[in-house]
Structure formats: C-alpha cells, structure tokens
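Student: First, the structure itself, so that you have it in front of you.
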Amino acid sequence: QVQLVESGGGLVQTGGSLRLSCAASGRTDSIYSIGWFRQAPGKEREFVGSVKWGGGVTTYSPSALGRFAISADIAENTVHLQMNDLEPEDTAVYYCAAVQRSVYSAREGDYDYWGQGTQVTVSN
C-alpha cells in the first residue's frame, strides 16, 4: 500500500504564492504517477495536474497552466505543487493521489490512493 500526506497549505493574499508538498511512503516503487486535485465547498473535486513518479512528464488543467508547476523529488519521495498568482477562486482543499497503472488521468476514479488534503485560502 501507499500512504500520502499533503502539507504547505495556508492563508495567502491575492497574487501570492504557496508551495504544497505530497510526501509518499510505503510501496512507493509501485507508483506510476501523482495527481493533484482540489475541491471547494459544495463543488465537485477537480483535476489540477499530474507528474510521472520520478519527474520529467507533467500535465496541467487549463486553469493551472502558466501559474502552477508540479515537480517530483524522487530522492525525498515527495511531489510539490508550486502555485503562483493565486486568486480567490483557487480557494479549496487540495489533495494528492497516486495511481499504480501506467496511465495519466484527470478522473479521480482512476486513482488508487489519496492523501487527507490541505486547505488553501486566498483572500482579497
């Protein structure tokens, strides 16, 4: 099994930046890719982006492209989500998830393991 723990969330002002971390443990050698999702109250969980375990290959949603960057630090078993130019619309709980199949996906049902989430709040 794989365990995932997110950290780095907090309160920032519009235009600010945050770096979220997703620390993986357990059978990390079984991970193919890590995805980031977010969910605002009363809204569905939406895809943010993903990275191949070990780094190098990334995908992004249109809202994240150009503002967010995902990187993988395989030596530390950690994936980061760097978020810049934050807007109030980015306020949500952010989750990381792992998939063991050789596929990149924006569908939450395709992922095998999930972290507990970390709150990001962007104020005016």
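The values are calculated or read from the model by the stated rules, or taken from the named source; none is laboratory data. Just so it is clear, the model here is predicted, and its values are computed rather than measured. Positions of Cβ are backbone-derived with ideal geometry, glycine not excepted, and every protein chain shown enters the neighbour counts. All accessible areas refer to the heavy atoms of the entire protein, side chains included, with ligands and DNA or RNA removed. Shrake-Rupley method; radii C 1.70, N 1.55, O 1.52, S 1.80 Å.
Student: Would segment 100-118 turn up any residue that is assigned to a strand (DSSP E or B) and touching a helix residue (DSSP H, G or I) at 6+ places or on another chain (Cβ under 8 Å)?
Tutor: Within segment 100-118, none of the residues are assigned to a strand (DSSP E or B) and touching a helix residue (DSSP H, G or I) at 6+ places or on another chain (Cβ under 8 Å).
Student: Which residue pairs have Cβ atoms under 8 Å apart, sit 6 or more places apart or on different chains, and have a first residue in segment 10-28 that is farther than 15 Å from Ala64 by Cα and free of Cβ contacts under 8 Å to residues at least 40 places away in the same chain and a second that is part of a strand (DSSP E or B) and of a type outside the set (Lys, Arg)?
Tutor: Final answer for the pair search is Gly26/Val2; Gly26/Gln3; Arg27/Val2.
Student: Give me a count of the residues in segment 83-105 that are more than 12 Å from Trp53 (Cα to Cα) and open to solvent by less than 60 Å² (accessible area, probe 1.4 Å).
Tutor: Residues that pass the stated criteria total 12.
Student: So for segment 51-67 (the condition being touching a strand residue (DSSP E or B) at 6+ places or on another chain (Cβ under 8 Å), in contact (Cβ under 8 Å) with a residue 40 or more places away in the chain, under 30 Å from Asn124 (Cα atoms) and not charged (D, E, K, R)), does at least one residue qualify?
Tutor: yes
Student: Among residues belonging to segment 27-62 that are surrounded by 18 or more Cβ atoms within 10 Å (Cβ to Cβ) and of a type in the set (A, V, I, L, M), point out the one that is farthest from Tyr94 (Cα to Cα).
Tutor: So, considering only residues that are surrounded by 18 or more Cβ atoms within 10 Å (Cβ to Cβ) and of a type in the set (A, V, I, L, M), the one farthest from Tyr94 (Cα to Cα) is Ile31.
Student: Name every residue in segment 113-124 that is at pLDDT 95 or above and open to solvent by 60 Å² or more (accessible area, probe 1.4 Å), in order of residue number.
Tutor: Listed by number, the residues that qualify are Trp114, Gln116, Gln119.
Student: Moving on. Out of all the residues in segment 76-92, which are without any contact (Cβ under 8 Å) to a residue 60 or more places away in the chain, closer than 20 Å to Leu11 by Cβ and either assigned to a strand (DSSP E or B) or among the small types (Gly, Ala, Ser) (or both)?
Tutor: Once the filter is applied, which keeps residues that are without any contact (Cβ under 8 Å) to a residue 60 or more places away in the chain, closer than 20 Å to Leu11 by Cβ and either assigned to a strand (DSSP E or B) or among the small types (Gly, Ala, Ser) (or both), segment 76-92 yields only Ala92.
Student: Counting only residues that are aliphatic (A, V, I, L, M) and over 19 Å from Tyr104 (Cα atoms), how many does segment 1-57 have? Give the steps one after another, and end with the answer.
Tutor: Just the residues of segment 1-57 that are aliphatic (A, V, I, L, M), to begin with: 2, 4-5, 11-12, 18, 20, 23-24, 31, 34, 40, 48, 51, 57.
Next, only the ones that are over 19 Å from Tyr104 (Cα atoms) stay: 5, 11-12, 18, 20, 23, 40.
Total meeting the criteria: 7.
Student: Please determine whether any residue of segment 63-70 is at pLDDT 95 or above, open to solvent by less than 20 Å² (accessible area, probe 1.4 Å) and not hydroxyl-bearing (Ser, Thr, Tyr).
Tutor: Yes; the residues of segment 63-70 include at least one that is at pLDDT 95 or above, open to solvent by less than 20 Å² (accessible area, probe 1.4 Å) and not hydroxyl-bearing (Ser, Thr, Tyr).
Student: Further question: Please enumerate the residues belonging to segment 94-124 that are among the small types (Gly, Ala, Ser) and over 12 Å from Gly9 (Cβ atoms).
Tutor: Ala97, Ala98, Ser102, Ser105, Ala106, Gly109, Ser123 - these are the residues of segment 94-124 that are among the small types (Gly, Ala, Ser) and over 12 Å from Gly9 (Cβ atoms).
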